[in-house]
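The values are calculated or read from the model by the stated rules, or taken from the named source; none is laboratory data. Every value quoted in this text rests on a predicted model; they were computed, and no experiment measured them. Heads up, the Cβs are rebuilt from the backbone with ideal geometry, glycines too, and the neighbour counts pull from every protein chain shown.
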Amino acid sequence: MLPLPCSAIVLAGGQSSRMGRDKSQLPWHGKTLIAHIVDQLRPMVAELLISANDPAPFAGLGLPVLADREPGGGPLQGIATGLRAARHEWLFVTGCDVPEIRQDYFQGMWPLTAEDVDVIMPVDADGRAEPLFALYRRSALPAVERVLASGRPRIIDILPVVRVCHPRLPQGWLKNLNTPEDYAAALSLR
């Protein structure tokens, strides 16, 4: 597969409060979880970025580590940082807690970038949006910045003011590792 003309950012600046330790540094397949995610994304996109306020834990990845302009904006601030820095019109956003990036699904989302939309945000079988496994067009940045300025940095709050496409996720595929129990369960399946 040739890399798509797309940037990607892995959000790794969260507090990992439910996990109790830095999720990005969890052991996974003989490396850190973030290194595993990066290895999957490298052949898929033309540019790869990390969003984190402390670049030290990610130095070995050989990627630009972007700090948020303003602290406290959560994942939405990481998205804004990525949209400002990305060399490409489209930015794929994922968290550092999604261990498996299905190439076939990502490639299946890409043709939707030809549509007149600002965000391609999959939904699961129950209709829940997945904002941290989504494509954001640079045209979404003004809405992202307005929501950040409102003091309520929730990704979901940009949806009423951007054009969104909601493709369906395959049943049961997208797994986030938020708690020690999630991590233990995922390890037992490997």
Which condition number does VAL162 fail, the rest of (1) under 17 Å from GLY82 (Cα atoms); (2) surrounded by 14 or more Cβ atoms within 10 Å (Cβ to Cβ); (3) modelled with pLDDT of 95 or more being met?
(1)
Before we move on, is TYR183 among the hydroxyl-bearing types (Ser, Thr, Tyr), closer than 22 Å to VAL10 by Cβ and either assigned to a helix (DSSP H, G or I) or without any contact (Cβ under 8 Å) to a residue 12 or more places away in the chain (or both)?
yes
Sole exception among (1) over 22 Å from ASN178 (Cα atoms); (2) in contact with a Leu (Cβ under 8 Å, 6 or more places away or on another chain); (3) assigned to a strand (DSSP E or B) for ILE50, by number
(1)
Taking the criterion of being in a strand (DSSP E or B), within 15 Å of the chain's Cα centre (by Cα), of a type outside the set (A, V, I, L, M) and modelled with pLDDT of 90 or more, would at least one residue in region 94-110 satisfy it?
yes
Exactly one condition in (1) more than 15 Å from the chain's Cα centre (by Cα); (2) under 24 Å from LEU169 (Cβ atoms); (3) aliphatic (A, V, I, L, M); (4) surrounded by 13 or more Cβ atoms within 10 Å (Cβ to Cβ) is false for LEU63; which is it?
(2)
Meets criteria (over 14 Å from the mean Cα position of the chain (by Cα), under 30 Å from LEU187 (Cα atoms), assigned to a helix (DSSP H, G or I) and without any contact (Cβ under 8 Å) to a residue 40 or more places away in the chain) for ASP126
no
Unique residue being buried (at least 17 other Cβ atoms within 10 Å of the Cβ) and assigned to a helix (DSSP H, G or I) when the list is ALA143, ALA134
ALA143
With ALA52, ALA67, ALA86, ALA12 as the choices, which residue is at pLDDT 95 or above and among the small types (Gly, Ala, Ser)?
ALA86
Looking at (1) farther than 30 Å from ALA185 by Cβ; (2) assigned to a helix (DSSP H, G or I), which one does PRO75 not meet, given that it meets all the others?
(1)
So, of the residues in region 146-156 that are within 17 Å of the chain's Cα centre (by Cα) and touching a residue at least 40 places away in the same chain (Cβ under 8 Å), which turns out to be surrounded by the fewest Cβ atoms within 10 Å (Cβ to Cβ)?
ARG154
